[in-house]
Amino acid sequence: PVVPATAEGDTPSPAAASANPVAAPPAGAPRRSIAVISHPDAGKSTLTEALALHARAITQAGAVHGKGNRAGVVSDWLEMEQKRGISITSAALQFEVDGVVINLLDTPGHADFSEDTYRVLTAVDAAVMLLDAAKGLEPQTLKLFAVCRRRGIPVITFVNKWDRPGREALELVDELENRIQLRATPVTWPVGDAGDLQGLLDVRHPDDVMAYRRAPGGATLAEEERLTVEQARERWPDRLDHAADSMGLLPELDMPSFLAGETTPLLFGAALTNIGVRQLLEVVTTLAPPPGPREDVRGTPRPVEAPFSGVVFKMQAGMDPNHRDHVAFLRVNSGVFRRGGVYTHAQTGRPFATKYAASVFGRERETIEEAYPGDVVGLVNATSLSVGDTLHDPDGPAVEFPPLPVFAPEHFLAARVADPGRSKQFRKGVAQLEQEGVVQVLISEARGDGQPILAAVGPLQFEVASFRMENEFRAPIRTEPLGYSVARLASDRDAELLAGVSGVELAHRTDGVRLALFRDVWRLRGLQRDRPELELAPLLADA
Ligand code: GDP
């Protein structure tokens, strides 16, 4: 049974108070854990709402966090989000379709938070790549797709906004093939060009054609009507033949190559008017892979039936305006998570009690009692955990999952506490932000630990860090932008060779890894030319 969450155990949070009581997920039902990857504005929020509409929401309460219609108490934190028009908080929405429980993990849309998005993608088993019919592959889509490919995550492609003028369907297919070597295998295919959407063909139902009509009276949802092929041909003779001919040019769905990330089931529709969304859900429930064994640090797969284990893939602070809480989001990798269970924190060997466990989407949260492989659990006030940490059942074989990859930072600031009387809070805050992966923290050999370097993939991460230092830790910071844009791993030998070289700074992360920071790649290349002995290995490439 689901009971409203109380972050501290006593007063219900405003979010919980407004939550509708909803049914618990059927225990052990099949799971599909997915994320939508897209460029901002392609329609991710719209699609998310449309998907949830079709499904029986299990742990989603109230509305999906749409833009501009947040109700209730708004925290400073959310004010910052609203001011920037970006979504920083995100988690997972869980719903059920045809007996399958879908975990839809939210990915921050802004490129500056791509490291966050990367971490989310480590927690899913498949992704839906959402394209705008008029735009095709856009920069952020390409970056996120690259992450999926590197991690071997199968991708389902949905071409959105077919109700508006856009590109030709086959042209989009060519773009996938030529730019990212992804062969499209159609599941649905539009009858009518972009902007003239009449219906959808479906390879799974060759005798039917779905026809769509905008509902009268201003409603946005389209009416769906099932036609026979003959009826459809009567209605739109040329358009139907054109659609069937185009679709017929493309290869058929092939599970092995889909699971290997070489082909992608392709669908068309319009999330805004709810066209093609049902079909997308069917593809997710029937084709996307269920949670499978995940490899531990030694490369040994942990079977999903093994005792409970999970990985923290994301940390979030300040979601509940009434409580200064930190939520650690954990993906269950094996076994059953039970709220109240005491698990082992693999990194320290210490016990970790899970009294406050919730499912969270946006600001809504509900207590959950049990979670299964593929599910996401929000552990409230889990300040002792860091992103990448493993929890596991003390009564089974111990397991530790590999740390999450760290991105190559491209922006660097030196930070110091504005009021020296707040130094203690400053140190605490900086350590916490690092633990959560809000920014990377480097200690420069020249500056020392009183003036750590904050390093980020995107500059908005600094705004989040500054905001939290001031509002949460009450230790406002002064920052000095450093003119570096490239970081490389520096071996001991590299450090010797670079000591005293101007325009280069050596600094180490708290995990001991030493980095060398350079103004730009030209400076780096110049130095490498002058000193061919330099190794300077790259960090994980920006994704
Ligand atoms: P996000 O930034 O990817 O989350 O995109 P949104 O869901 O906020 O959508 C961006 C804009 O595109 C909004 O104005 C939506 O109403 C609009 N939009 C989304 N899906 C469709 C669609 O299928 N057709 C049309 N015409 N507009 C859409």
Scanning the stretch 190-216 for residues that are open to solvent by less than 40 Å² (accessible area, probe 1.4 Å), hydrophobic (A, V, I, L, M, F, W, C) and outside any strand (DSSP E or B) gives 194, 197, 215
Practice task
Check the stretch 238-259 and report whether any residue there is more than 23 Å from residue 133 (Cα to Cα), at pLDDT below 95 and out of contact with any Phe, Trp or Tyr (no Cβ under 8 Å at 6 or more places or on another chain).
Solution key: no
Note: among 109, 66, 62, just one is assigned to a loop (DSSP other than H, G, I, E, B), at pLDDT below 50 and open to solvent by 20 Å² or more (accessible area, probe 1.4 Å), namely 62
Checked the stretch 437-448 for anything closer than 20 Å to residue 348 by Cβ and assigned to a loop (DSSP other than H, G, I, E, B); matches are 437
Checked the stretch 25-59 for anything within 16 Å of residue 374 (Cα to Cα) and at pLDDT below 70; matches are 25, 26, 27, 58, 59
Selection from the stretch 402-436 of residues over 26 Å from residue 504 (Cβ atoms), open to solvent by less than 10 Å² (accessible area, probe 1.4 Å) and in a loop (DSSP other than H, G, I, E, B) yields none
Restricting the stretch 95-106 to residues that are in a strand (DSSP E or B) and within 17 Å of residue 44 (Cα to Cα), the one farthest from the chain's Cα centre (by Cα) turns out to be 95
The lone condition residue 314 fails out of (1) more than 24 Å from the chain's Cα centre (by Cα); (2) open to solvent by less than 70 Å² (accessible area, probe 1.4 Å); (3) modelled with pLDDT under 95 is (1)
Point to revise | Hey, residue 223 over 25 Å from residue 126 (Cβ atoms), open to solvent by 60 Å² or more (accessible area, probe 1.4 Å), of a type outside the set (A, V, I, L, M, F, W, C) and within 16 Å of the ligand (Cβ to nearest atom) or not | key: yes
Within the stretch 112-162, residues at negative phi and in a loop (DSSP other than H, G, I, E, B) come out as 122, 123, 124, 125, 133, 134, 135, 137, 138, 153, 154, 162
**Message:** Can you say whether residue 258 is part of a strand (DSSP E or B), of a type in the set (A, V, I, L, M, F, W, C) and more than 16 Å from the ligand (Cβ to nearest atom), as far as the supplied structure shows?
**Reply:** no
Those residues of the stretch 138-189 that are closer than 25 Å to residue 282 by Cβ and either open to solvent by less than 10 Å² (accessible area, probe 1.4 Å) or hydrophobic (A, V, I, L, M, F, W, C) (or both) come to a total of 26
Considering the stretch 486-543, residues that are among the small types (Gly, Ala, Ser) and open to solvent by 80 Å² or more (accessible area, probe 1.4 Å), and then whichever is farthest from residue 448 (Cα to Cα), we arrive at 502
Subset of the stretch 335-357, residues under 12 Å from residue 391 (Cβ atoms), in a loop (DSSP other than H, G, I, E, B) and either open to solvent by 40 Å² or more (accessible area, probe 1.4 Å) or of a type in the set (A, V, I, L, M, F, W, C) (or both), comes to 346, 347, 348, 349
Scanning the stretch 261-301 residue by residue, the ones that are open to solvent by less than 60 Å² (accessible area, probe 1.4 Å), in a helix (DSSP H, G or I) and within 15 Å of residue 55 (Cβ to Cβ) total 9
Out of all the residues in the stretch 227-239, is one or more surrounded by 13 or more Cβ atoms within 10 Å (Cβ to Cβ), within 16 Å of the ligand (Cβ to nearest atom) and not β-branched (Val, Ile, Thr)?
-> no
Restricting the stretch 372-389 to residues that are under 22 Å from residue 29 (Cα atoms) and within 17 Å of the chain's Cα centre (by Cα), the one modelled with the highest pLDDT turns out to be 374
How many residues of the stretch 267-301 are within 16 Å of the ligand (Cβ to nearest atom) and among the hydrophobic types (A, V, I, L, M, F, W, C)? The answer is 9
query = Before we move on, is residue 304 open to solvent by 20 Å² or more (accessible area, probe 1.4 Å) and either aliphatic (A, V, I, L, M) or assigned to a helix (DSSP H, G or I) (or both)?
reply = yes
Can you say whether residue 332 is open to solvent by 40 Å² or more (accessible area, probe 1.4 Å), more than 16 Å from the ligand (Cβ to nearest atom) and among the β-branched types (Val, Ile, Thr), as far as the supplied structure shows?
no
How many residues of the stretch 143-175 are within 15 Å of the ligand (Cβ to nearest atom), of a type in the set (A, V, I, L, M) and either in contact with a Lys or Arg (Cβ under 6 Å, 6 or more places away or on another chain) or farther than 18 Å from residue 276 by Cα (or both)? The answer is 1
Is there a residue being of a type in the set (S, T, N, Q), within 16 Å of the ligand (Cβ to nearest atom) and in contact with a helix residue (DSSP H, G or I) (Cβ under 8 Å, 6 or more places away or on another chain) anywhere in the stretch 176-185?
-> no
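The values are calculated or read from the model by the stated rules, or taken from the named source; none is laboratory data. Predicted model only: the values in this text are computed from it and were never measured. Using ideal geometry, Cβ is built from the backbone for each residue, glycine included, and neighbour counts are taken over all protein chains shown. With ligands, DNA and RNA removed, areas are computed over all heavy atoms of the protein, side chains included. Shrake-Rupley method; radii C 1.70, N 1.55, O 1.52, S 1.80 Å.
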